[in-house]
Amino acid sequence: MVFLNNRLVHEKRAMVSVFDHGFLYGDGIYETLRVYNGVAFMVDEHIERLHRSASMISLRIPLTHAKIRKAVYKTIRANGLDDAVVRISVSRGEGSIGLDPELCPEPTFVIIAYPFTGHPRINYERGVKLAIVETRRNYRRAIDPRIKSLNFLNNILAKIEAKKRGAFEAIMLNHRGYIAEGTISNIFFIKNKTLFTPAVDVGILDGITRGLIINMAREKGIEVIEGRFRPEELYSAEEIFISSTTMELMPVTMIDDIRIGTKPGRITRILHRAYKEKVEEYVQGF
Ligand code: PMP
C-alpha cells in the first residue's frame, strides 16, 4: 500500500500524472527514513528536514508535521513492516508545461514503505572502496545541496563514474576542490584520534546520521573538526567511513588506489556500536 495525497491506495493504483512537475522537472523534495522493529528512527528530524527543504524551494507541504508522522506509521502498518525503509516524496504537483510553480495548484505527496534488505555483511567486515570523481557537487548558490531535492542528476552522474571505477560510492568535491560528500552519504575521516568531516557550508546535505555521529563522538570525548579538506587528506587518513540513514556507518578501506587499512578502524567500530545503541534506546523508548 502507498500513501498518496491523503489516503492509502494499492501499489498498482498509486499513479502520478505525466504532467506532474516532479516528473517533468525534478521539482520536488524527499526524505528517506529507516524503520527498526516497526519504529521510524528519528522521524521528527526527517520531517523537520523535509519542511526545511520545502521552504528552500518555496513549496507548501499540504500536511502538518503531526499528520505526516501519522501517515508514515499508517503506511508502515498497512504493509506489515518491521525492518523497513520509508520514502516521503513531495513534488510541485500536476500542472501544465512551464516552470512557474503557480501552474501547480496542489503538491503531490507520496509515502512508500518497503522491507529493508540491508547491505552485504562483507561491506561492514572488510570495508568498501570509494572513488573521488570528476563530477563536482552542485554549487551552493546554484542548487544548495542542503535541499534534499528530487533532482538527483548531479549524484547520478557521480554514481556512474564510481561504478565504472569499481567503487561502492563516489566522493564529490565542491566547485573549489574541497571534499564534499558521497552520492547518498556523508564522509568522515580520522587522524591522530580526531574525527574530521566537511562542514555544511562546503556544500553538502546536513545528514541526520552525520549530525548524530558528531554528537556521539563529542559525548565520547573524541574531538570533531568540521571544515574544508583537500582530497590528499583522505589519502593519508588512518580511518575513513561514510554515513547515511540506511548504511549507518560504512567503513572504507580503499580510496581510489590507496589502501586505508584492511579492516574497519577502531574509532569507526566504536562509533558504529554507539550508533546501534542509540537506535536501541530510541526503539525501547518508543
Ligand atoms: N548526502 C546525500 C547527498 C544524501 O542523499 C544522503 C542520504 N539522504 C546523505 C548525505 C546522508 O543523509 P542522512 O544521514 O540524513 O541519510
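The values are calculated or read from the model by the stated rules, or taken from the named source; none is laboratory data. Everything quoted here is computed from the prediction, not taken from an experiment. We place every Cβ from the backbone using ideal geometry, glycine too, and count neighbours over all the protein chains shown. Accessible surface is based on the protein model in full, side chains and every heavy atom, while ligands, DNA and RNA are left aside. Shrake-Rupley method; radii C 1.70, N 1.55, O 1.52, S 1.80 Å.
Using only C-alpha atoms and all pairs of different ones, pull out the Kirkwood radius for the stretch 1-43 in Å with one decimal.
12.7
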Restricting things to alpha carbons, tell me how big the stretch 2-115 is in terms of Rg and Dmax, in Å. 13.9, 44
Potential extension, GLU11-ASN37 segment - 0.36 nm per residue separation minus Cα distance: 7.1 nm
Would you please calculate the Kirkwood hydrodynamic radius of the stretch 185-284 over all C-alpha pairs and express it in Å, rounded to one decimal? 13.7
Express in nm, to one decimal, how much length is gained between LYS67 and VAL224 on full extension, taking 0.36 nm for each residue of separation and deducting their alpha carbon distance. 52.9 nm
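Would you mind checking LYS12/LYS74; LYS193/LYS220; LYS220/LYS276; LYS163/LYS191; LYS12/LYS148 for any pair whose Cα atoms are more than 23 angstrom apart?
Numbers: LYS12/LYS74 18 Å; LYS193/LYS220 12 Å; LYS220/LYS276 15 Å; LYS163/LYS191 28 Å; LYS12/LYS148 27 Å.
Checking Cα-Cα distances, LYS163/LYS191; LYS12/LYS148 exceed 23 Å.
Before I look further, what does the chain give for accessible area per residue, probe 1.4 Å, in whole square angstrom? Write down the numbers at each step before the final one.
Working: 14060 Å² over 286 residues.
Computed with neighbouring chains in place, this is 49 Å² per residue.
Relative to the present Cα-Cα distance, how much length would full extension add between HIS119 and ILE160 at 0.36 nm per residue of separation? Write down the numbers at each step before the final one.
Values: separation 41, 0.36 × 41 = 14.76 nm, distance 1.93 nm.
Result: 12.8 nm gained on full extension.
Determine the calculated [θ] at 222 nm for the chain from helices alone, applying -39500 (n - 2.57) to every DSSP H run no shorter than 4 residues and normalising by the residue count; nearest 500 deg cm²/dmol.
On the way: 8 runs with 87 residues, N = 286.
Result for the chain, helices only: -9000 deg cm²/dmol.
With viscosity set to 1.567 mPa s at 4 °C, what whole-number translational diffusion coefficient in µm²/s follows for the chain from Stokes-Einstein and a Kirkwood radius over Cα pairs? Kindly include the intermediate steps, with their values, before the conclusion.
Working: Rh = 19.8 Å.
Answer from the Stokes-Einstein relation: 65 µm²/s.
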Two-site FRET efficiency, ASP201 against ILE270, from Cβ-Cβ distance with R₀ of 22 Å, rounded to 0.05: 0.20
